Amino acid sequence: MARRGGGKWYVAGINGEEGERKVTVDLAGLGVKQGRLIGEGAGGWEERAVTVGRAEVTMPGHGGFVMEME
């Protein structure tokens, strides 16, 4: 899901399955340059920078992520 507010894009995903799931998020159509991804990792919540193009995201079972892009 993606929504725009205040000049930023917010992109989110949820994994409703038991097992890990990898997704590729295509950011090219948003007209943004950079942002950050917050998701669940092995040690809890993790944050990393993302840039224009495609972002590979791995979600644990029943986990998710959110991106803030500008």
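Observations
- Accessible-area rank, largest first, for 38, 14: 14, 38, with all protein chains present and a 1.4 angstrom probe.
- Sulfur and carbon atoms: percent of accessible area, the chain [1.4 Å]: 49 percent
- Solvent exposure, largest accessible area first (probe 1.4 Å, DNA, RNA and ligands not counted), of 30, 37: 30, 37
- Accessible-area value, residue 1, 1.4 Å probe, nucleic acids and ligands omitted, Å²: 150 Å²
- Mean accessible surface per residue for the chain, computed with a 1.4 Å probe while every protein chain stays in place, in Å²: 67 Å²
- Within the chain, the ratio Rg/Rh, alpha carbon atoms throughout and Rh by Kirkwood, equals 0.97.
- Counted charge near residue 62, where neighbours are those whose Cβ lies closer than 11 Å (Asp, Glu -1; Lys, Arg +1): -3
- Among 8, 33, the sequence by solvent-accessible area, most first, with a 1.4 Å probe is 33, 8.
- Between 5, 27, 37, the Cα set farthest toward the positive side of the dipole of the range 1-40 (charges on each charged residue's Cβ, about the Cα centre) is that of 5.
- Euclidean distance of C-alpha centroids, the range 41-70 and the range 1-21, integer Å: 9 Å
- For residue 66, the solvent-accessible surface computed with a 1.4 Å probe is close to 60 Å², ligands and nucleic acids excluded.
The values are calculated or read from the model by the stated rules, or taken from the named source; none is laboratory data. Model, not experiment: these values are computed from the prediction. As a convention, Cβ positions derive from the backbone with ideal geometry for all residues, glycine included, and neighbour counts pool all protein chains shown. Surface accessibility is based on the protein's heavy atoms, side chains included, excluding ligands, DNA and RNA. Shrake-Rupley method; radii C 1.70, N 1.55, O 1.52, S 1.80 Å.
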